[in-house]
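Reviewing the structure listed below.
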Amino acid sequence: MDIFLANEHFKVMDTKEKITIADSFVVRQNKIGGGNGEAKLYIGQNNNEIRDFFGNAGFVIHCFLMKTDLQKYLEETKIEYLKPEQPYVNRDDLPHLWNLRKRKIDLLPDKINFEVIEQTQIAGSRVYVNSNNQAYKIIRELSLPNITFISVVKLLDDNNRLCYYFRLFADYFGEAEHPYIIEKEKEEITDSDALEEEKRQLIKARVGQGEYRARLLAECPFCPITLVSDDRLLIASHIKPWVTSNASEKIDPKNGFMLTPTFDRLFDRGFLSFTNDKKTILSPFLSNMTYSKLGISNNRIIPHLPIEGREEYLEYHRQNILKI
């Protein structure tokens, strides 16, 4: 798989899919518990997988962040800064901190380079890294504990030099969307002037039920990837997410696919999308091993994928949901 970042071409070698940010790592202003936070970041157990990915003991690796990713992360977590779900020590300061951090990130260059060093002085089976570079400090400053994770993509540039692409993501305890946003949307529907049946259908469409599911199932009676047709095993997945869709898009069967649960999850989380000529697009933020276990590959033609009428929705998905 190849990707282009800041007008540079890279070959994707592998991916470390998820490094969860603990409360102990973040700066004091973001913490839930006590203490000032520790600069070292736990990246995994000392095993062959970690060594194959990052290097031998004592490794020093060249890394980078992308400004657009940091801006997107701040937008994804803005609602948590404004309406916190977690008991942050400095809960009342978070809205102000979001504004300060947004201005700071907007002034950064497009690509922010840094190095991380393995902390070999720490005994035990756990591998930690640290860095004195500003970009690493930004990771600590932006990250909200427990809901933030880092994916690291190992890349090879056109000069055969290895580098590591770090990106922050938010995960709201298994959900892509913040609980406040979902509840607010439901409240707005309930308080609207729509007929009661319309309200019920809109809310049911949120979880892929009701008229939306029935109409979508009539158009797509099986998962186009696995060809499974037992509707008990199929999820009515929105292409443009329910929360960002208008009232008509929320219940439009063209704004959906029937997918088996694993592929629904991949599609919903932006690890999988499709071209208008029915080819798969895989995100580099899952590993080759994971895709191999799932039996899915990049540029694979899905001949039964229903495209007609879904082109604009898929364009939105590729531009806004696909993690690439």
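Values in this text are rule-based calculations from the coordinates and carry no lab data. Keep in mind that this is a model prediction, so the values were computed, not measured. Positions of Cβ are backbone-derived with ideal geometry, glycine not excepted, and every protein chain shown enters the neighbour counts.
Anything over 23 Å Cα to Cα? Flag those among K254/K278; K67/K279; K11/K137; K102/K240; K16/K278; K78/K323, in the order listed.
Over 23 Å apart, Cα to Cα: K67/K279; K11/K137; K102/K240; K16/K278.
For the stretch 179-320, averaging the sequence separation of C-alpha pairs within contact (under 8 Å, six or more residues apart) and dividing by the residue count gives a relative contact order of 21 percent. If you take all other residues with their beta carbon under 12 Å from the beta carbon of V60, and give Lys and Arg +1 and Asp and Glu -1, the sum is -2. By definition, a body whose alpha carbon gyration tensor gives a ≥ b ≥ c is oblate when a/c is 1.5 or more and a/b is not larger than b/c, and the stretch 2-170 fits this oblate description.
Looking at F257, L294, P241, which one has the Cα that reaches farthest to the positive end of the dipole of the stretch 179-320 (charges on Cβ: Lys, Arg +1; Asp, Glu -1)? Of F257, L294, P241, it is L294. Straight-line cross-link reach from K72 at under 19 Å between alpha-carbon atoms covers these aspartates and glutamates, not counting any fewer than eight positions away in the same chain: E17, E80, D106, D110, E141, D171, E175, E177, D268, E315.
Using every pair of separate Cα atoms, the Kirkwood estimate puts the hydrodynamic radius of the stretch 179-320 at 15.7 angstrom.
So for the stretch 2-170, averaging the separation of alpha carbon pairs under 8 Å that are six or more residues apart and normalising by length, what relative contact order in percent results? The value is 38 percent. With the charge dipole of the chain set up from +1 on Lys and Arg Cβ and -1 on Asp and Glu Cβ about the Cα centre, the Cα lying farthest toward the positive end among the listed residues L314, F222, I117 is that of I117.
With K and R counted +1 and D and E -1, the other residues having a Cβ less than 12 Å from that of Y73 yield a net charge of +1. A simple spin-label model places pseudo-atoms 7 Å from Cα toward Cβ; at D2 and R215 they are separated by 4.2 nm.
Rounded to the nearest 20 debye, the dipole magnitude of the chain is 880 debye, with +1 charges on Lys and Arg beta carbons, -1 on Asp and Glu beta carbons, and the Cα centre as origin. With loop membership from DSSP and a limit of 15 other Cβ atoms within 10 Å, the longest segment of the chain without GluC sites (Glu not before Pro) is 86-307. Orientation-averaged projection of the chain equals 18.4 nm² [convex hull of Cα atoms, one quarter of hull surface area].
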